[in-house]
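The values are calculated or read from the model by the stated rules, or taken from the named source; none is laboratory data. Since we're looking at a predicted model, the values are computed, not measured. In this analysis, Cβ positions are derived from the backbone assuming ideal geometry, glycine residues included, and neighbour counts consider all displayed protein chains.
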Amino acid sequence: MTATSTATDPFHLAWFLNQGFGVGDWRGTWRGTQADDWANGDSYVEFARSLERACFDYLIIEDSGFVADNWAGSSELYLRAGLTVPKHDPAVLATVIAKGTSRLGIVPTLTTTEWPPYLLARYVSTLDHVAAGRAGWNVVTGSSDLAAQNHGKPGQPPHDERYDMADEFVELVCQLWDSWEPGSVVRDSVAGTYTDPTKVHPINFEGTYYRCRGPLNTARSPQGKPVLVQAGGSARGRAFAAKHADCVIASAGTVDEMRGYRADIHREMVASGRKPGECKVLYLTTPFIGETETEAIDRKRRYFQAIHDDPAPTLAFTGFTTNIDFAQYDLDTPIGDLAEQLKTNGHQSSLDKMLRGKQHMTLRDIAAEPRGFHPTGTPEQVADQMAEMMHAIGGDGFLFYLPQATLFNRRTVAEITDGLVPELQRRGLVRTAYAYDHFRDNLLDF
């Protein structure tokens, strides 16, 4: 792809905190005070305000409820390196950020296999009130048996059944949100009526996996239905995302992959009786930005070379998502010799993307391979590459993904919010102001 600016419609920007309410880059050159002040949420509020200043649509906060032991059968590497642990509850951070911002969408990750439906519906509705109509929910099914065991279960249900359960879970949650009709709260002090009792209803939900009487005991939220975000990678995951999501996260690296993914989601949406315009598809991107092209290229080279020299943390993180302990294999053995042994009930799409077409590559090479979309250069050059990519795909935007343990710090955030975004705004490619008060309205604005 050449670095020439191409006219295109405006697109959306969001940010994915891929290790959630965690430590971040606590050892790097630009670490600042991250090791000390992450846990009270203050640095994340500061970060969220930077996103809001740059008019991002939303911030999504990943989560996991376990201490991994997927490297050499031990938790040692994860604990020693601050890799995926410690990690605090995103529900709390989302509430703190809600009170520290005024326009940014806030999307905590809440797991259908770990939260009870009523409790989740009540929390997200409450968050939408606290955030004045800016709440979302990243809908995920659990994938780790360790997390399931922390909740008193022997392990996770099979992959596709988890989505069957999630379909029912989301249906129940949406019915609970609708158990208070629009206009149910009247606040009529003269008549002595705060809530119109004819507009609040039990739902008496009876499903295969869940039962619930309802109604919620929270008032109808400002958005009515908070924004649903989902990352559908597998075939079953894509069908689920197309049925329920207002925004889908896609991991793809080429124009053909991105365009094909978006077309597939749109086909699935039509099959579910939805219009494609009702859901935005955002693509993960990790830019490398420098004051010169040479500097940016060198930063990218050094980043991936460091992974090649020491692939353990990267493979341990992959093991965290796929439930595979890659330390048991020779890292310099071609993956084709190991493919039959690499099976998972965890994130199947992550494993498939890792292995597809890589039979002659080693685990070490795969760990250090620049997968995904990595625009590289000055802010102007990166803006060129993003514009050209989005023009070729047809929409809808990008979700910044900076590995927290190595790339997430105040410097890299500023390079994007105060360097790249102003260049995108100058070209009319992203918004310069929020048009609406509510998250959903801004997401569907263009």
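Quick one: which residue in Asn70, Asn138 is touching an Asp or Glu at 6+ places or on another chain (Cβ under 9 Å), in contact (Cβ under 8 Å) with a residue 24 or more places away in the chain, over 26 Å from Val281 (Cα atoms) and surrounded by 24 or more Cβ atoms within 10 Å (Cβ to Cβ)? Full working, then the answer.
On the way: Asn138 fails: over 26 Å from Val281 (Cα atoms).
Within the list Asn70, Asn138, the selection yields Asn70.
Given the residues Asp128, Asp57, Asp25, Asp42, which is the only one that is farther than 21 Å from Thr322 by Cα, surrounded by fewer than 23 Cβ atoms within 10 Å (Cβ to Cβ) and not hydrophobic (A, V, I, L, M, F, W, C)?
Details: Asp128 fails: surrounded by fewer than 23 Cβ atoms within 10 Å (Cβ to Cβ); Asp57 fails: surrounded by fewer than 23 Cβ atoms within 10 Å (Cβ to Cβ); Asp25 fails: surrounded by fewer than 23 Cβ atoms within 10 Å (Cβ to Cβ).
Residue meeting the stated conditions: Asp42.
Evaluation of Met390 against the conditions (1) outside any helix (DSSP H, G or I); (2) at pLDDT 95 or above shows that the sole unmet condition is (1).
The C-beta contact set for segment 380-397 (first residue closer than 16 Å to Ala263 by Cβ, second residue of a type outside the set (Phe, Trp, Tyr) and assigned to a helix (DSSP H, G or I), distance under 6 angstrom, 6+ apart or interchain) comprises Ala392/Val255; Ile393/Met258; Ile393/Arg259.
For residues that are in a helix (DSSP H, G or I) and polar (S, T, N, Q), scanning just segment 306-336, find the one that is nearest to Asp63 (Cα to Cα).
Looking only at segment 306-336, we keep the residues that are in a helix (DSSP H, G or I), and these are 306-309, 312-322, 326-328, 335-336.
Retained after the next criterion (residues that are polar (S, T, N, Q)): 314, 318, 321-322, 328.
On the way: Thr314: 18, Thr318: 15, Thr321: 11, Thr322: 15, Gln328: 26 Å.
Per the stated criteria, the residue is Thr321.
Only one residue in Val430, Val421 is in contact with a strand residue (DSSP E or B) (Cβ under 8 Å, 6 or more places away or on another chain) and in a loop (DSSP other than H, G, I, E, B). Which one?
Working: Val421 fails: in a loop (DSSP other than H, G, I, E, B).
When all the criteria are applied, what remains is Val430.
One residue stands out in segment 156-191 among those that are in contact (Cβ under 8 Å) with a residue 60 or more places away in the chain and not aliphatic (A, V, I, L, M): the one that is surrounded by the fewest Cβ atoms within 10 Å (Cβ to Cβ), namely Pro158. Could you tell me which of the residues Tyr283, Tyr303 is of a type in the set (Ser, Thr, Tyr), part of a helix (DSSP H, G or I) and in contact (Cβ under 8 Å) with a residue 60 or more places away in the chain? Criteria check complete, one pass: Tyr303.
Among the residues making up segment 24-63, those that are in a helix (DSSP H, G or I) and in contact with a Ser or Thr (Cβ under 7 Å, 6 or more places away or on another chain) are Gln34, Asp37, Ala48, Arg49, Ser50, Leu51, Glu52, Arg53. If I go through segment 278-326 residue by residue, how many of them are surrounded by fewer than 17 Cβ atoms within 10 Å (Cβ to Cβ) and touching a Ser or Thr at 6+ places or on another chain (Cβ under 9 Å)? Selection size over segment 278-326: 7. Filtering segment 201-258 to residues that are more than 18 Å from the chain's Cα centre (by Cα), among the charged types (D, E, K, R) and in a loop (DSSP other than H, G, I, E, B) leaves Arg213, Arg220, Lys225. Of the residues making up segment 279-314, those that are in contact with a helix residue (DSSP H, G or I) (Cβ under 6 Å, 6 or more places away or on another chain), modelled with pLDDT of 95 or more and among the hydroxyl-bearing types (Ser, Thr, Tyr) number 1. Taking each residue of segment 360-372 that is more than 12 Å from Leu315 (Cβ to Cβ) and touching a residue at least 60 places away in the same chain (Cβ under 8 Å) and looking for partners that are among the polar types (S, T, N, Q) and crowded, with 16+ Cβ neighbours inside 10 Å with beta-carbon atoms closer than 8 Å, six or more apart or interchain, yields Gly372/Ser251; Gly372/Thr285; Gly372/Thr286.
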